[in-house]
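Reviewing the structure listed below.
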Amino acid sequence: MSSVNFAILDFCFLILIRTPALIDTLRRRGEPAGLWRGHPGQEEWFPKMTLERRGKCVHLRSVAGVAEFGLGGNLVADAFYPTARVDGDGQPLNGANKYVLHFDKGQTPPVNAFWSLTMYNARQAFVANPINRYAIGDRDKLKFNPDGSLDIYVQHDSPGKDKESNWLPADAGSFNVVMRMYWPKGTAFNGTWNPPPIEKVS
């Protein structure tokens with residue numbers, strides 16, 4: 001058998017497709033829906049998943065699914081991709097509104113490598129925008145607030161030239177944001193750190 005075939009046999013994936021019906025079923029059964037809770041009663045980032053190696057088989061485990069964007073995945077020790085589809089009030093994200101993702105000082109995604117936020121439209125495609133920016137993260141020249149906190153502006157139109165360094169251009173309609181955390185620290189999974197909600201602003 002070729003090394004390629006051995007490599008394929010080495011990875012067994014248990015995939016659960018994320019659907020609203022599945023999430024509702026889990027809740028009715030009293031099981032956790034695999035959602036991060038930034039604040040009591042709010043569920044913004046999805047899912048909280050683990051990747052476990054057992055012998056020669058890698059099991060991808062998420063209570064409410066992780067395979068909407070394709071098969072396979074990295075070990076959780078290497079990368080973790082929570083997704084936000086709703087704001088802090090539980091309302092679907094939409095480009096008709098303006099949002100801010102606020103990180104308190106020292107509370108940006110805890111990683112040993114790097115983190116980013118990627119914008120997708122309702123078809124899971126990149127969103128065309130005037131500054132050709134499809135993701136934003138710690139490798140960009142972000143402007144921090146005087147108190148050390150960080151605001152990411154998530155909206156369709158520019159927040160103004162003075163804030164464009166922190167602007168993640170959104171689709172005009174429905175959209176979702178994927179947070180990519182590479183080589184995440186343990187605090188990302190032990191409840192010490194929670195991603196803040198994407199808050200709607202006037």
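Note down the relative contact order for region 64-202 as a percent, whole number, built from C-alpha pairs under 8 angstrom at least six residues apart.
So the answer I get is 41 percent.
Check Phe114: other-chain or 5+ apart residues with amide H under 5 Å from its amide H, H built from backbone geometry?
When sequence neighbours closer than 5 places are left aside, the close amide H contacts are Tyr182.
Please work out how much length the chain gains when fully extended from Glu199 to Ser174, using 0.36 nm per residue of separation minus the C-alpha to C-alpha distance, in nm with one decimal.
Result: 7.5 nm gained on full extension.
Beyond a 20 Å Cα-Cα separation, which of these cross-linked pairs lie in this structure: Lys98/Lys141; Lys141/Lys200; Lys98/Lys161; Lys141/Lys185; Lys98/Lys185?
Lys98/Lys141; Lys141/Lys200; Lys141/Lys185; Lys98/Lys185
So for region 80-202, taking the charge dipole from beta-carbon charges (+1 Lys/Arg, -1 Asp/Glu), which of Pro197, Ser116, Gln155 sits furthest toward the positive end?
Ser116
Alpha carbon centre of region 151-189 versus region 106-128: separation in Å?
Cα centroid of region 151-189 versus Cα centroid of region 106-128: 6 Å apart.
Show the residues, 5+ positions off or on another chain, whose built amide H is closer than 5 Å to the amide H of Lys98.
Val201
Taken together, the values in this text are just the output of simple stated rules run on the coordinates, not laboratory data. Bear in mind that the values here come from a model prediction, so they are computed numbers and not experimental data. Cβ sites come from the backbone with ideal geometry, for glycine too, and all protein chains shown count toward neighbours.
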